[in-house]
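Data first, discussion second: the structure below is written as structure tokens.
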Amino acid sequence: VGAGLGPALVVAGAGSGKTETLSLRILYLLDNAKALFGRDLSPDEILCLTFTRKAAAEIAERASARIASVFGTDPNRPDVTVATYNGYAADLAAEHGLRVAVDPGSTILTNASLWQLADSVVQSWDRAVETDSAVSTVTVALARLAAQARDHRVAPSELRRWAADALAFVSGLPKREGDGAPGAFTQELERYVGKLRTLVSMADLVEEFDARKRAGSFLDFSDQVDVAVRLSHIGYVQQSERARFAAVLLDEFQDTSPPQLDLFAHMFGASHPVMGVGDPNQAIYGFRGASADALRQFVSRFGDADVARFTLSVSWRNEASVLVRSEEHT
């Protein structure tokens, strides 16, 4: 709560008080703003991001109560800027999208709309697709693969090149162990070869899918994050966001994707007060390319040895008797 203004990582177990820590950190920054920043801060100059709207509402409510308990109730006082990760990316895309040739008024596609667009690409496709799957299966796979490629920041051309190289390598493998010449594939290798051939074809479909989205000024959630990452490399946008937010708090950081990590590393960097909070043992979703490695990457991307590290290891959610009995039962 009382850490300095350098980058910091808090590894916090389940029920250890992450939300309480964030709300008290917000209060501490406001109460000690003159000593820390040389001036008073307005609550909306603190950015706190989390994954769900429910979690964002809980953090905002608790922070508001803490602020009122110290500074009194003021209906004219702005609230702390609390949002979801995707919400922040969407706001950046809407405000600065033209800087990377993205229409700020782009239509956000629902899952159903994404399926319709993928279906139109597949139905009008006039080249062979190396797969035995049904058309409906290819349609679903197309939208999913396009999103996965963006989540890992892999262009369709890179995907196609990798799949083609892997296919060439596997095709050159000997038929049997000790056999020096390539021959017919074993049943197991044949299965992998088929997947690689399909992936080469799917990369072409993904390229067309992305082109139609751009032509129609369509975006999905992955696109918004990708746009935000590109914006984070622009000096003016960096300066604007750093001036707007004096401090940044990133909740549930173990569930951030590689592009989201890139976004904050470039937008704010090691010279800005950024605190990440997360628990590697709760990185169970793999949501949009996320992994527990994000916590290690936070340290390396925000200054390595300069990153302060803290641990919240006591669970306050359950009484000791409950935890002991649960362990014995297990």
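Here are a few things to note about the model shown:
- Against the list (1) open to solvent by 50 Å² or more (accessible area, probe 1.4 Å); (2) closer than 24 Å to Asp279 by Cβ; (3) of a type outside the set (Asp, Glu); (4) in contact (Cβ under 8 Å) with a residue 60 or more places away in the chain, the condition Gly2 fails is (4).
- Screening Asp44 on (1) closer than 24 Å to Asn76 by Cβ; (2) surrounded by 17 or more Cβ atoms within 10 Å (Cβ to Cβ); (3) within 27 Å of the chain's Cα centre (by Cα) shows it passes everything except condition (2).
- Residue that is nearest to Glu208 (Cα to Cα), among those in segment 112-137 that are surrounded by 16 or more Cβ atoms within 10 Å (Cβ to Cβ) and in contact (Cβ under 8 Å) with a residue 40 or more places away in the chain: Val121
- Tally, over segment 62-102, of residues that are touching a strand residue (DSSP E or B) at 6+ places or on another chain (Cβ under 9 Å) and open to solvent by 70 Å² or more (accessible area, probe 1.4 Å): 1
- In the set (1) touching a residue at least 60 places away in the same chain (Cβ under 8 Å); (2) closer than 27 Å to Gln224 by Cβ, Val140 fails one condition alone, (1).
- Segment 100-125, residues that are under 18 Å from Ala90 (Cα atoms) and of a type in the set (A, V, I, L, M, F, W, C): Val100, Ala101, Val102, Ile108, Leu109, Leu114
- Extreme residue, modelled with the lowest pLDDT, among residues of segment 222-272 that are open to solvent by 40 Å² or more (accessible area, probe 1.4 Å) and over 28 Å from Asn32 (Cα atoms): Pro258
The values are calculated or read from the model by the stated rules, or taken from the named source; none is laboratory data. Here the structure is a predicted model, which means the values were calculated and not measured. Virtual Cβ from ideal backbone geometry, glycine too; neighbours counted across all protein chains shown. To get the accessible areas, we keep the full protein, side chains included, count just its heavy atoms, and leave off ligands, DNA and RNA. Shrake-Rupley method; radii C 1.70, N 1.55, O 1.52, S 1.80 Å.
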